[in-house]
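Trainee: Here it is, the structure, as structure tokens.
Derivation of every value follows stated rules applied to the coordinates shown; laboratory data play no part. Remember, predicted model here, so these are calculated numbers, not experimental data. Ideal geometry is used to build each Cβ from the backbone, glycine not excepted, and the neighbour counts take in all protein chains shown.
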Amino acid sequence: AADRADATGLRLMDQILIDNLQVSCTIGIHDWERAVHQRLVVSLVLNTDLSPAAASDDINATVDYVAASELVQQTARSGRYRLIETLAYTLADRLLTLTGVSGVQVTVRKPAAVRQADAVGVRINRP
């Protein structure tokens, strides 16, 4: 389990972070948006118990963040989404199937969506 308590009963949660993963995706509500792949930026927080990996120093005792990154890339590339909300929910559902992942936070940003902003985005949390 990803949640533990220390000797005082304080709840502990370990996390793996993947920040600003660049993905290419067919996304948008307008035909002109869907005509080309667009760049999105995805950040993840994967809740997991890191104590077995820390104790054993064994890569097999932790969540493979390369596999998680590749899952995000493949999901974005292979889908045709209208909304970043749909992509974020899809990513969360798929990431929760990875062994050892007990919860996720998925942030999807679309840098070119609003000219006056660096990006627009959504963030979802799943226990």
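Trainee: Summing +1 for each Lys or Arg and -1 for each Asp or Glu, what net charge is found among the other residues whose Cβ lies under 10 Å from the Cβ of residue 84?
Mentor: Net local charge, residue 84 excluded: +2.
Trainee: Stokes-Einstein D for segment 32-85 at 20 °C, 1.002 mPa s, Kirkwood Rh over Cα pairs, in µm²/s?
Mentor: D, rounded to a whole number, is 156 µm²/s.
Trainee: Using only Cα atoms, figure out Rg for the chain and give it as a multiple of 2.2 N^0.38 Å.
Mentor: The chain yields a ratio of 1.19.
Trainee: Once you keep just the Cα pairs under 8 angstrom separated by 6 or more residues, what percentage relative contact order results for the chain?
Mentor: Reported relative contact order: 26 percent.
Trainee: To the nearest 10 degrees, how steep is helix 65-78 against the longest Cα principal axis of the chain, on a 0 to 90 scale?
Mentor: 20 degrees
Trainee: Can you give the helix-only mean residue ellipticity at 222 nm for the chain, where every DSSP H stretch with n ≥ 4 adds -39500 (n - 2.57) and the sum goes over all residues, rounded to the nearest 500 deg cm²/dmol? Don't skip to the end; give the middle numbers.
Mentor: Numbers: 4 runs with 36 residues, N = 127.
Estimated from H runs of four or more residues: -8000 deg cm²/dmol.
Trainee: What is segment 55-121's relative contact order, in percent, from Cα pairs under 8 angstrom and six or more apart in sequence?
Mentor: 25 percent
Trainee: Could you rank the peptides 39-49, 55-65 by their average count of other C-beta atoms within 10 Å per residue, with the highest value first?
Mentor: In descending order of packing, they fall as 39-49, 55-65.
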